[in-house]
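Values quoted throughout were computed directly from the atomic coordinates according to the rules given, and no laboratory measurement underlies them. This one's a predicted model, so the numbers in the text were calculated from it and none came from an experiment. When we count neighbours, we look across all protein chains shown, and the Cβ atoms used for this are built from the backbone with ideal geometry, even at glycine.
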Amino acid sequence: MKTGLFSHFNRAGAWVLLMFLVTPALIAIPVSLTPKRFLSMPKGELSLRHFEKLFSSPEWMSSFFQSAVIGVSTALLATALGTLCAIGLWRVSSKYSEVVRAFLLLPLIIPQIISAMAFYRLWIPMGIIDSYIGLILAHTILATPMVLITVSASLANFDPKLEQASKNLGASNWTTMRRVILPSVKPGVFAGALFAFILSWDEIVVTLFISKFSVYTLPRRMWNGIRENTDPTVAAAAVVLIAITILAFAFSAYMSRRNASKDTA
Amino acid sequence: MSALRRHIHPGWALVAPFLLLVAALYLGPILNILWLSVTDPEPGLGNYQKLFESDSLLRIFWTTIRICLITTVGSVFLGYSIAYAMVHCHEKQKSYMLTLLLVSFWISILVRTFSWLMLLGHRGLVNNALEGMGVIAEPIAFMRNELGVLIGMIHYMIPYAVLPLLVNMQSLDMRVMNASRNLGATGSQTFWRIYLPLTTPGIVASSLLIFILSLGFYVTPAVLGGGKVLMIAEYISVQLLVTLKWGTAAMLAGLMLFGVLAMLYIMSRFMKLSTVFGGSS
């Protein structure tokens, strides 16, 4: 359309805004390198003491480990449930299946504070509050809709005639699923697994309600650190989290580029 | 059995595990909470009545609505600018912009809130820098007030605002805009009378999405508000974890839930929900 003054002005503004989105988070990097014992910007000398403290602290390390266990279990469970569900809804494809799909996406859009209340309410009588199983179950319910979305997006590009062809050639339902459908939705499955892991790895609101002492995930420990707002170890932890985020992002970008080039080849 | 099988598509067997899980472990307790809102501590609409009788509840309610509205307007306005720039620039520049947007989308909410805490505090970096430059004499209070909460929330919501707008803008037929220019309209006339109306579905969808997300927002208001700006989500958590009053919390959750569902319904009239969530069909 118009490439007038306004457009140029707006583009410059958009770049400034995008910088505004990314840079504040990076402030944790210099702060984590401060040689002082309290949160401050380093002046002159830098020190890695807070990273040393982070990696030698049994509390922080156990939180890393617990978050990893819960995140991986959630990702596996959510990917299995979500993929099956997406394929099922895709095969049914009726007006009921669309209603059910909308219903199943609700855990993603209902405010987390309400989800937290719901799990808190039920987990107490079930006796799984403050346990691995409780957190994994709750995170799985929140994360599976993500997988449902990404796998459904892959299925939308899948030609149903391929399934027919496979069956006409004598393959059983199971073989068709394993050798025809699953390979072609693989990008969606991987993306879904990654999103599910990140959701669980990052989840704080529900976790605040359903964990207390025995399970203390990384976001939970960060939350405490943030509220106390003195110890620069939190800044070091934040830097580690940023690094992991960027790695995961680069990995998913690499995967999607590889899949894209495979499609064109 | 065979009659049943003829009526029920075998695909449902694959849907069943997750469907049952959600129904039993998610929908169940939510319905229970709605039930509590009219039965705890005593049956009746007493909890809902409190909303009109208690000044503090009413204030929290309006604070929440006000913050959500300002956040929505702010992030959709800024998001519109980003989405517009992204649609109207070179492919390469667009992919850089998308990368920045997604990186910020992916950085943990806790990390971002923590960063704002260091930046906006009384002795934070922003105040120090401004004082160093001689712009201000006294530190500005960015935190423990609505300003801080708004900065944190708008910062968090902008990527969510951009994505639906981007989908909408990319689907527009640019020939319409060219036709308008050829017929003698100026650039700004074309924008205000053609482009903006055509992007209404995107604006409505992203506004409702942001409003829904802001309504239940917990982390940023709790940290940057510093106990001074109480929103519904934080109030609910205090009621449950500190004062153990399920009735009031359930009433607020019920209101929030109906609000969210009503907005989803309006949203579905403007745009296919699945496109907003990046889904299929």
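Quick look at the numbers
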| read-out | value |
| --- | --- |
| Between region B:114-161 and region A:99-145, the Cα center-to-center distance that results, in Å | 34 Å |
| Top positive-direction residue, dipole computed over the protein assembly as shown with Cβ charges, set B:P197, B:A141, A:V69 | B:P197 |
| Computed magnitude of the charge dipole of region B:48-276 (debye, nearest 20; Cβ of K, R +1, Cβ of D, E -1) | 380 debye |
| Gaussian network model of chain B, springs between alpha carbon atoms under 10 Å - residue of B:M174, B:M267, B:M118 with greatest fluctuation | B:M174 |
| Sequence-separation-based contact order of chain A, relative, with Cα cut under 8 Å and 6+ spacing, percent | 29 percent |
| Computed magnitude of the charge dipole of the protein assembly as shown (debye, nearest 20; Cβ of K, R +1, Cβ of D, E -1) | 1260 debye |
| Span from the region A:173-234 Cα centroid across to the region A:29-64 one, whole angstrom | 25 Å |
| Dipole magnitude of region A:45-264 about its Cα centre (Cβ charges: Lys, Arg +1; Asp, Glu -1), debye to nearest 20 | 720 debye |
| Extreme residue, positive dipole direction of the protein assembly as shown, given options B:G225, B:A24, A:M117 (C-beta unit charges) | B:A24 |
| Ranking of B:R66, B:R175, B:R112 by count of other Cβ atoms within 10 Å, fewest first | B:R175, B:R66, B:R112 |
| Summed residue charge, Cβ within 13 Å of A:L218's Cβ, Lys/Arg positive, Asp/Glu negative | -1 |
| Over chain B, relative contact order from alpha-carbon pairs under 8 Å, at least 6 apart, % | 27 percent |
| Net charge of neighbours whose Cβ lies under 10 Å from the Cβ of A:P35, counting Lys and Arg as +1 and Asp and Glu as -1 | +3 |
| GNM flexibility winner over chain A from A:G127, A:G82, A:G44 (Cα, springs under 10 Å) | A:G44 |
| Positive-end residue, chain A charge dipole about Cα centroid, Cβ charges, pick of A:N173, A:N157, A:M126 | A:N157 |
